[in-house]
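Enquirer: Mind having a look at this structure? Questions to follow.
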Amino acid sequence: MASSSPSHSSDTDERSGTDTTDVDVREIESTSDADEHDPYADEKPKDDGFKFDGRLIRRIADYLKPYTGWVALALTITLGASLLGPIRPLLVQRAIDNYIVVGDLEGLQTIILLLVLALTGEGILKFAENYLTQYIGQNAIYDLRTAVFRHIQNQPLQFFDRTPVGKLITRTTSDVEALSNVLSSGLVVVIGDLLRIVFIAALMFYMNWVLALVTLCVMPLMVWITFWFRKRVRVQYREARNQVSRLNSFIQEHVTGMSIVQLFNREDEEMRRFEAINDEHRGAWIQTIFYYAIFWPSIQIISNLAIAGVLWFGGLRAIAGSALTLGVLFAFIQYARMFFEPIRDLSNQFDTLQSAMAGAERIFNLLDDDRSLQDPDDPVELGNIQGAIEFENVWFAYEEHDGEPDWVLRDVSFRVEPGETLALVGATGAGKSTIMNILLRFYEVQRGRITIDGVDIRELSLRDLRRHIGLIPQDVFLFSGSVERNLTLNDPEVTDEMMRKAAAVVQADDFIEKLPNGYQQDVKERGASLSHGQRQLLAFVRALIYDPEVMVLDEATSSVDTETEELIQEALERLTEGRTTLAIAHRLSTVQDADKILVLHKGQVRERGTHHELLAMDGLYRKLHDLQYAADTQVHGDGEATRDIPAAPATPEESRA
Amino acid sequence: MGPLSRLNHYFWTYKWLFIPGLLCTMASAGFQISVPSVVRQTIDSIPRFVQVYGVFEGTIVHAQIYSYLFGTLLLFAGAIIGLSVISGLFMFLMRQTVVVASRHIEYDLRNSLYDHLQTLSPRFYQEYSTGDVITRATDDIEKVRRYIGPAIMYVTRSLVMVLTAVSVMFIISPKLTLYALIPMPLLAVSVFFMARMVHWRSDRLQEQYSKVTSRVQEALAGIRVLKAYTREDAESEAFDSESEEYKRRNLDLALVESAWRPAFLLMVGISTIIVVWMGGRLVAQGTITIGNIVEYVLYVSMMTWPVASLGFVITMIQRASASVSRLHRILDTTPDIADGPQTDESITEVEGRVTFRNVSFSYDEEQEPALRDISFDLLPDQTLAIVGRTGAGKSTLVEMIPRLLEPSEGRVEVDGRDVRSIPLETLRENIGYVSQDVFLFSDTVANNIAFGKLDAEDREIVEAAGEADLLANVKDFPNGFDTFVGERGITLSGGQKQRTSIARALIRDPRILIFDDALSAVDTATERNILKSLRERQGSHTLVIVSHRLSAVQEADLILVMDQGQIAERGTHEELMAENGVYADLYEKQLLEEEIEAYG
């Protein structure tokens, strides 16, 4: 499905027709209007009147600052182009009156030469202006887009728990696109058009002020009809776009749920509903056609009205003995037709500015709400660390409920010595993943503190902290692209050697090299999908590349085939060897081999000790142990819905449940 | 033009819009093209008028002459305005017929596409992604519409304009006409190439736009990984380079588009200059008048757009042709699951017996079969439970009962008859199906429940919601049953969704009720409630239940334990416990689980 069309088309469509008064290119080529169905579209602009927010415009204009020089150049060029255009009718007037009428063909040639020069000059300048404004705009848009992306990425996880991904995508894509017209052509075009109108008027007055007045008489009419049309069509387009998105969501939904439609024998009823929506969609467009059908003929009539006026008045004046030449009549006929274009451009600009405002407002609201974790001013630097981890009376809640924090961890304390393995055991929702989340400082603890080698993690830079901790989530998230990209995560500092070495440690190199394209294999390509076990191994390699002192791992619950199972088992041993390890254990062997086991229940540490000590206790651990490990390898349930753990509760409801 | 001929019957359907539309197009072009000659006459008359007026200067008739000339000039001006008003009127009618007709055809085309989509089985939807189908239903249809409406309108108009203008011009001066037309073919050709370039480059731009979008989407989906490895900066840089590429393609396109208007300007300008230059010489020779020059300039500028639009229209037609082919790839797909000659229309009721006879199934010939040799016989009002791990083939099995899938080998029977002989509508009417992936429509809760039964009464909706243990939740919703779910409404939890879809199945009061892992997201207490209300209905339907929780299946008349597409164990709960196999083992584990849940 085509997502909302990039900026260029609506603008350029408007610009592509020249002085033809009868055809709208928009209708021929306006992909942007018909296709603007953004699946992620939200917050439809509700404005009907024009809100001119100076503060907002200044902020938008700030993005042009780096290109001040270019803007100045573009303005100069525009000035030139706006001057050269209206000069041509003047030259033709000279050609007719001074040379053709008197039969001076020599002189005619000179003026023809001037005409050709003016024309070529205007063409070149116009081209330069068009391209230059696009160049400026696209660069400014690039700056804005990447700034928005960076900003979003730097937000803490809480932000992502709260904000739907779709909304953020809209901010970085279509909202930014909406601004691109304003940034590219906005200012320059407005000034250029105003200049053109002024020049045309000035030249007309210079030639013949009476005829100038006659011609200018129809201008208000033209301005009025153009802006009337714009306004109507804008409202109508919005309506049409609404209909398009209704139609799209209907199709989207019914194609996705087609088997439900069929199972419940709803074909006839859904067809009826589709027809109704389709009918409204058609109606909205037919209404749009109506406005176009009024607009184009009106423009044609009005410009012919000007011509008729010029001829009639001019004729009468000539009869009355005023020195009116044929050349002047000719020039005025040309001018009458030249007026329309800048007026239409201006009304377009007015329109784009308006739609840009809504997008700009959303973007700046996003940028202004910065909650990224700031690194401490003077972070403690960790060199090579030992890897001692300590939780001291940690309390943590993902969110508050009626002003009361919903504690997910209550007063959790434990210490892991360098090189030790700590196994976290507990039922779903006991707080195991949360411990990992806060150790990596994805979230800030409310009370208590966490230290690494005795240093509070809040005194470290995030980068320093996380680079000493390798995280292996339960479900491996793979980015599209090659195996290599997924292992190095685009870090230029990771050498090929580092990657291969890490792969060798966990023996992932075997299967990677067997892939059709080895490390360059695209992981999402059809037919080359990786098995669960292989994905796990990739996650191991990813974590190992930086050779971290601490390993945090959430074992996968789902059983993999026995071959890979052995491979993973072995890999796990190598992975944790000599490293401080925190593991959410799902395999008996991992738990048995752990130096310490922490049994969590509802956010509290219930039991702690070694495997044997805990078994002897005959408490919760014993029960969990019997449940999870007694009948290993037997038929499992499908497993609970797995998240990309460590993860916050997906919805507030779940966390409270 | 091949594929486009498949659209011809639409033209026929709307002939009463097209025929007058095309006539209006011609009339509008004709009237418009006559304006310049009036302008020429006016211009040429003015010097004569001045002369005549000068001759009568000081005579008695002077005032009369003035009013006569005044009137004549007014007549000329009136003619210009009148002609353009008439032309404008026809232009209005042209748009209101031809372009409107294209919207009607678009409407019909989209209806028939959707209608056809509804007949296609899940197999089709596995092959075509949702996005693909949507593109066809929107983009492709839009491209076809542009061919039907605007393209045809422009072609007609252009031809009339060009032919008339050129003939009139030729009559005046063949020589000047040839000179004036020199840039025209160049214009048509260059527009054609430019349009092609613009299309090509905007497709490439669009491609990159999707890339940028998916890049953002992916980075945000994988934000935890990125943060864990502090790769935000690297990701930003990667995003920078995608944006850079996007910018580059944007500028590539801008380059062509920036050249577009200046090129146009040059062509028209050159024509005008040639007319003035060559025309000037002809005027000096006395062959033509100055009014003719003005007339020519007007013709040339009138013709420019039609000539240029031909270049556009060709690419439009090319694209429309490709789109029609794409559309027909869907429209030509014959539904593989439908009533046919084997259908016995006399069957109007379903008793509820379900029999599988040596059923095997594979999604794809090269793949391992998803089901192998499945046989069982379930009498009306009995309960069948199916357990087994993911991928064991449980869903595949139950999907065969309502004929969402058809067996590759063997036979599925309902009431002892091959399901293929039962009219599809009758079969499905009697089945209440709750699928594993709950799908609700963005509509109200009430309408989602009533989806199972057209014209369901409020009482029935409440009843079904009650049986699905949903009432208490509905009371908490902002607007009760009228609350919207989905994107534009509230987000239901997994359990609430499941229960809504259960209510949707129950409201049909079906003979066969199928629960495909439909209780996975509800807690045990709720599960108990739902099962209780189902049991209270016992005797009124056959129940097929796929579940992980053995608590839900204990009372079934037959339990199948599936493994790798085959039945590993079968029997009642007691029999399977006695067998002490996979089932018994699973049961033990689940008991423990419940205990832990209750712990502390």
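Conditions tested, residue by residue: (1) crowded, with 20+ Cβ neighbours inside 10 Å; (2) at pLDDT below 85; (3) farther than 27 Å from B:Ala465 by Cα.
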{"position": "B:Gln496", "(1), (2), (3)": "yes, no, no"}
{"position": "B:Ile514", "(1), (2), (3)": "yes, no, no"}
{"position": "B:Ser547", "(1), (2), (3)": "yes, yes, no"}
{"position": "B:Leu560", "(1), (2), (3)": "yes, no, yes"}
{"position": "B:Gly571", "(1), (2), (3)": "no, no, yes"}
{"position": "B:Ala578", "(1), (2), (3)": "no, no, yes"}
{"position": "B:Glu595", "(1), (2), (3)": "no, yes, yes"}
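Enquirer: Here's a check for you: in the range B:396-418, which residue that is more than 11 Å from chain A (Cβ to nearest Cβ) and within 33 Å of the chain's Cα centre (by Cα) is surrounded by the fewest Cβ atoms within 10 Å (Cβ to Cβ)?
Expert: B:Ser408
Enquirer: Kindly indicate which of B:Ser214, B:Ser210 is more than 7 Å from chain A (Cβ to nearest Cβ) and either part of a helix (DSSP H, G or I) or touching a strand residue (DSSP E or B) at 6+ places or on another chain (Cβ under 6 Å) (or both).
Expert: Values: B:Ser210 fails: more than 7 Å from chain A (Cβ to nearest Cβ).
Residue meeting the stated conditions: B:Ser214.
Enquirer: Another question about this same structure. Scan the range A:622-639 and tell me whether some residue there is more than 11 Å from chain B (Cβ to nearest Cβ) and either more than 47 Å from the chain's Cα centre (by Cα) or modelled with pLDDT of 85 or more (or both).
Expert: First, pick out the residues of the range A:622-639 that are more than 11 Å from chain B (Cβ to nearest Cβ): none.
Among the residues of the range A:622-639, not one is more than 11 Å from chain B (Cβ to nearest Cβ) and either more than 47 Å from the chain's Cα centre (by Cα) or modelled with pLDDT of 85 or more (or both), which makes the answer no.
Enquirer: Something else now. So, B:Ala556, is that one assigned to a strand (DSSP E or B) and under 21 Å from B:Arg389 (Cβ atoms) or not?
Expert: no
Enquirer: Can you list the helices (runs of 4 or more DSSP H) found entirely within the range A:160-222 that contain at least 2 residues being among the hydrophobic types (A, V, I, L, M, F, W, C) and without any contact (Cβ under 8 Å) to a residue 12 or more places away in the chain?
Expert: Fully inside the range A:160-222 and qualifying: A:187-207.
Enquirer: Would you mind finding the one in B:Ile274, B:Ile293 that is more than 7 Å from chain A (Cβ to nearest Cβ), of a type outside the set (Lys, Arg) and touching a Gly at 6+ places or on another chain (Cβ under 7 Å)? Spell out the reasoning first.
Expert: Working: B:Ile274 fails: touching a Gly at 6+ places or on another chain (Cβ under 7 Å).
Selected residue: B:Ile293, the only one of B:Ile274, B:Ile293 that is more than 7 Å from chain A (Cβ to nearest Cβ), of a type outside the set (Lys, Arg) and touching a Gly at 6+ places or on another chain (Cβ under 7 Å).
Enquirer: Could you look through the range A:84-117, keep only residues that are within 10 Å of chain B (Cβ to nearest Cβ) and closer than 18 Å to A:Pro342 by Cβ, and pick out the one that is farthest from the chain's Cα centre (by Cα)?
Expert: Filtering first and then ranking leaves A:Pro89.
Enquirer: Please go through the range B:327-346 and pick out each residue that is aliphatic (A, V, I, L, M) and farther than 18 Å from B:Ser112 by Cα.
Expert: From the range B:327-346, those aliphatic (A, V, I, L, M) are B:327, B:330-331, B:337-338; that's our starting set.
The one that is aliphatic (A, V, I, L, M) and farther than 18 Å from B:Ser112 by Cα: B:Ile337.
Enquirer: Filter the range A:349-381 down to residues that are acidic (Asp, Glu) and in contact (Cβ under 8 Å) with a residue 24 or more places away in the chain and give me whichever is nearest to A:Ala147 (Cα to Cα).
Expert: For the range A:349-381, the residue satisfying everything is A:Asp370.
Results for (1) modelled with pLDDT of 85 or more; (2) more than 9 Å from chain A (Cβ to nearest Cβ); (3) surrounded by 18 or more Cβ atoms within 10 Å (Cβ to Cβ), shown as yes or no for each residue.
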site: B:Gly486; (1), (2), (3): no, no, no
site: B:Thr524; (1), (2), (3): no, yes, no
site: B:His541; (1), (2), (3): yes, yes, yes
site: B:Ala568; (1), (2), (3): yes, no, no
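Enquirer: Among the residues that make up the range A:325-336, is at least one of them away from every other protein chain (no Cβ under 12 Å), assigned to a helix (DSSP H, G or I) and not charged (D, E, K, R)?
Expert: Yes; the residues of the range A:325-336 include at least one that is away from every other protein chain (no Cβ under 12 Å), assigned to a helix (DSSP H, G or I) and not charged (D, E, K, R).
Enquirer: Would you mention how many residues in the range A:298-322 are within 20 Å of B:Met302 (Cα to Cα) and free of Cβ contacts under 8 Å to residues at least 40 places away in the same chain?
Expert: The number of residues fulfilling the criteria is 5.
Enquirer: Within the range B:419-477, track down each residue that is at the interface with chain A (Cβ under 10 Å from one of its Cβ atoms), more than 27 Å from the chain's Cα centre (by Cα) and over 30 Å from B:Ile347 (Cβ atoms).
Expert: None; the set is empty.
Enquirer: Name the residue that is nearest to B:Ile105 (Cα to Cα), counting only residues in the range A:250-279 that are more than 7 Å from chain B (Cβ to nearest Cβ) and under 30 Å from the mean Cα position of the chain (by Cα).
Expert: Step by step, filter the range A:250-279, then rank; the result is A:Ile277.
Enquirer: Has the range B:323-342 got any residue that is in contact (Cβ under 8 Å) with a residue 12 or more places away in the chain, among the hydroxyl-bearing types (Ser, Thr, Tyr) and in a helix (DSSP H, G or I)?
Expert: yes
Enquirer: Additional query: Within the range B:327-347, can one find any residue that is in contact with an Asp or Glu (Cβ under 7 Å, 6 or more places away or on another chain), modelled with pLDDT of 90 or more and either surrounded by 22 or more Cβ atoms within 10 Å (Cβ to Cβ) or within 14 Å of chain A (Cβ to nearest Cβ) (or both)?
Expert: Initially, the range B:327-347 is screened for residues in contact with an Asp or Glu (Cβ under 7 Å, 6 or more places away or on another chain), giving B:327, B:337.
Applying the additional criterion that residues be modelled with pLDDT of 90 or more yields B:327.
In the following step, the residues that additionally are either surrounded by 22 or more Cβ atoms within 10 Å (Cβ to Cβ) or within 14 Å of chain A (Cβ to nearest Cβ) (or both) were identified as B:327.
Yes: the range B:327-347 contains one or more residues that are in contact with an Asp or Glu (Cβ under 7 Å, 6 or more places away or on another chain), modelled with pLDDT of 90 or more and either surrounded by 22 or more Cβ atoms within 10 Å (Cβ to Cβ) or within 14 Å of chain A (Cβ to nearest Cβ) (or both).
Enquirer: Do we have B:Glu365 as in the same structural domain as B:Met400 (by TED's automatic domain parsing) and assigned to a loop (DSSP other than H, G, I, E, B) here?
Expert: no
Enquirer: Only one of these is modelled with pLDDT of 90 or more, closer than 23 Å to B:Ile293 by Cα and either touching a strand residue (DSSP E or B) at 6+ places or on another chain (Cβ under 8 Å) or part of a helix (DSSP H, G or I) (or both): A:Ile87, A:Ile136. Name it.
Expert: Just one listed residue meets the conditions, A:Ile87.
Enquirer: Here's a check for you: in the range A:149-177, which residue that is of a type in the set (A, V, I, L, M) and surrounded by fewer than 22 Cβ atoms within 10 Å (Cβ to Cβ) is farthest from A:Asn437 (Cα to Cα)? Even if it seems obvious, please write down each step before you answer.
Expert: Narrowing the range A:149-177 to residues of a type in the set (A, V, I, L, M): A:152, A:157, A:165, A:168-169, A:176.
With the extra rule that they be surrounded by fewer than 22 Cβ atoms within 10 Å (Cβ to Cβ), the set shrinks to A:157, A:165.
On the way: A:Leu157: 10, A:Val165: 20 Å.
Per the stated criteria, the residue is A:Val165.
The values are calculated or read from the model by the stated rules, or taken from the named source; none is laboratory data. This structure is a prediction, so every number in the text was calculated from the model and none was measured. Note that we place each Cβ from the backbone using ideal geometry, even for glycine, and neighbour counts take in every protein chain shown.
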